[in-house]
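Visitor: Have a look at this one before I ask anything.
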Amino acid sequence: MKITHDGLVMLARVFISCNPIHGGVEEELQGETFNEQGLSQNQQYLVDSANSGQDFEFDAYVAGLPNKASTHKYVKIRIWAEKNGREAIDEDVVLRFFGGREHVAKASNDIKVAKVGNEFGQRILFAHLVMPVRITEVHGEFFAGEYKNGDMVVGVKGLVPLLRYITRSENIQLKVGDVVLTHYASIISEKVSPDIEDYLLREQAASPEYVSACEYVQELDFEKFWNLSKWTKQIAKI
């Protein structure tokens, strides 16, 4: 099985955007070092691989991870891809994996184990998934938007584009009305196909845990919540 170039780009955006969330997972920090930008060895390896413009054989890519403690994260994606009849881990697989019910269930369990409290836990669970958001306002370098899924509506503020960070493109212009994909405080894609948007909304609406989190949160401002806007801006070098 291969990991395609577009799959690596999206994996980089997803893994980097939740760095402060998983930065304290002890077993993944064993023997780990971080560069001046705050990226771990494995994150830098992922970014470098994404910027190479190449596809990689899955086994060869995983074998090259500087820190093998996080190998399991890639293996889980491969298992999902194989179970769903996929021949490669591409962008589509990454988005469905990190925006679907199985990921909600895992995140919900991790939050319970961490015993972080209901308010904090509900906000983390809501932000933890890849989701479609329609941009409603532009506040300087930050964006505000709305996650709408049936009768559920959650406002999000303090969104920061991670797009240029991986692709080095200066031609991406986001505007009010655009539908983007977000993960925590990061805008990870400016392109959302109707198929992906429909899949994500259906999967998330079918999860009682996620519906409960949406109803509880109602609005989330990442400039205030865990200082994620500032951290994301720093990591994206915007």
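Visitor: At Glu137 and Ala105, where each label point lies 7 Å from the Cα along Cα→Cβ, what is the point-to-point distance in nanometres?
Guide: If labels sit at Glu137 and Ala105, their model points lie 3.8 nm apart.
Visitor: In vacuo Debye scattering of the chain, one point per C-alpha: log10 I(q)/I(0) at q = 0.12 Å⁻¹?
Guide: Treating every Cα as an identical point scatterer, log10 I(q)/I(0) equals -0.64.
Visitor: While we're here: As I understand it, the value is the acute angle between the Cα axis of helix 5-17 and the longest principal axis of the Cα atoms of the chain; what does it come to in degrees, rounded to 10?
Guide: Between the helix axis and the principal axis of the chain, the angle is about 60 degrees.
Visitor: Provide the descending list of Cα extents for the range 121-238 along its principal axes, expressed in whole angstroms.
Guide: Reported extents, whole Å, longest axis first: 39, 31, 22.
Visitor: Another question about this same structure. Would you mind calculating the gained length between Trp226 and Lys148 on full extension (0.36 nm times residue separation, minus the Cα-Cα distance), in nm to one decimal?
Guide: Numbers: separation 78, 0.36 × 78 = 28.08 nm, distance 2.32 nm.
So the extension gain works out to 25.8 nm.
Visitor: Highest first, please rank the peptides 65-71, 134-140, 181-187, 171-177 by the mean number of other Cβ atoms sitting within 10 Å of their residues. List each step's numbers first, then the result.
Guide: Working: 65-71: 15.9, 134-140: 13.0, 181-187: 27.3, 171-177: 10.0.
Peptide ranking by packing, descending: 181-187, 65-71, 134-140, 171-177.
Visitor: Please express the Cα-Cα pair-distance distribution P(r) of the range 99-174 as a list of whole percents, one per 5 Å bin, running from 0 to the bin with the greatest distance.
Guide: Result, from short to long distances: 3, 13, 18, 19, 19, 15, 9, 3, 0 percent.
Visitor: Report the gain in length on full extension from Ile79 to Asp6: 0.36 nm times residue separation, minus Cα-Cα distance, nm rounded to one decimal.
Guide: Extending this stretch completely gives an extra 24.4 nm.
Visitor: Okay, moving on. So, counting K/R as plus one and D/E as minus one, what does the shell of residues with Cβ under 10 Å around Met1 add up to?
Guide: -1
Visitor: What size of dipole, in debye to the nearest 20, comes out for the chain about its Cα centre when the only charges are +1 on Lys and Arg C-beta atoms and -1 on Asp and Glu C-beta atoms?
Guide: Working: 26 positive and 34 negative charges, 53 e Å.
It works out to roughly 260 debye.
Visitor: Which of the lysines could a cross-linker span from Lys106 if the Cα-Cα distance has to be under 20 Å and same-chain partners fewer than 8 positions apart are dropped?
Guide: Straight-distance partners of Lys106: Lys73, Lys76, Lys83, Lys115.
Visitor: Give me the percent relative contact order of the chain, please, defined on Cα pairs under 8 angstrom at least 6 residues apart.
Guide: On the way: 359 pairs, mean separation 52.0, N = 238.
So the answer I get is 22 percent.
Visitor: If you take all C-alpha pairs in the range 52-160, what percent of them are over 21 Å apart? Before the final figure, lay out each step's value.
Guide: On the way: 3189 of 5886 pairs.
For the range 52-160, the share of Cα pairs beyond 21 Å comes to 54 percent.
Visitor: Give me the net charge of Ser193's neighbourhood, meaning all other residues with Cβ under 11 Å from the Cβ of Ser193; Lys, Arg count +1, Asp, Glu -1.
Guide: Working: positive: Lys191; negative: Glu91, Asp92, Asp195, Glu197, Asp198.
Result for the local shell: -4.
Read the figures in this text as sums done on the coordinates, not as results from a lab. Just so we're clear, the structure is a prediction, and the values are computed from it rather than from any experiment. Quick reminder, even Gly has a Cβ in these numbers, built from the backbone with ideal geometry, and neighbours come from all protein chains shown.
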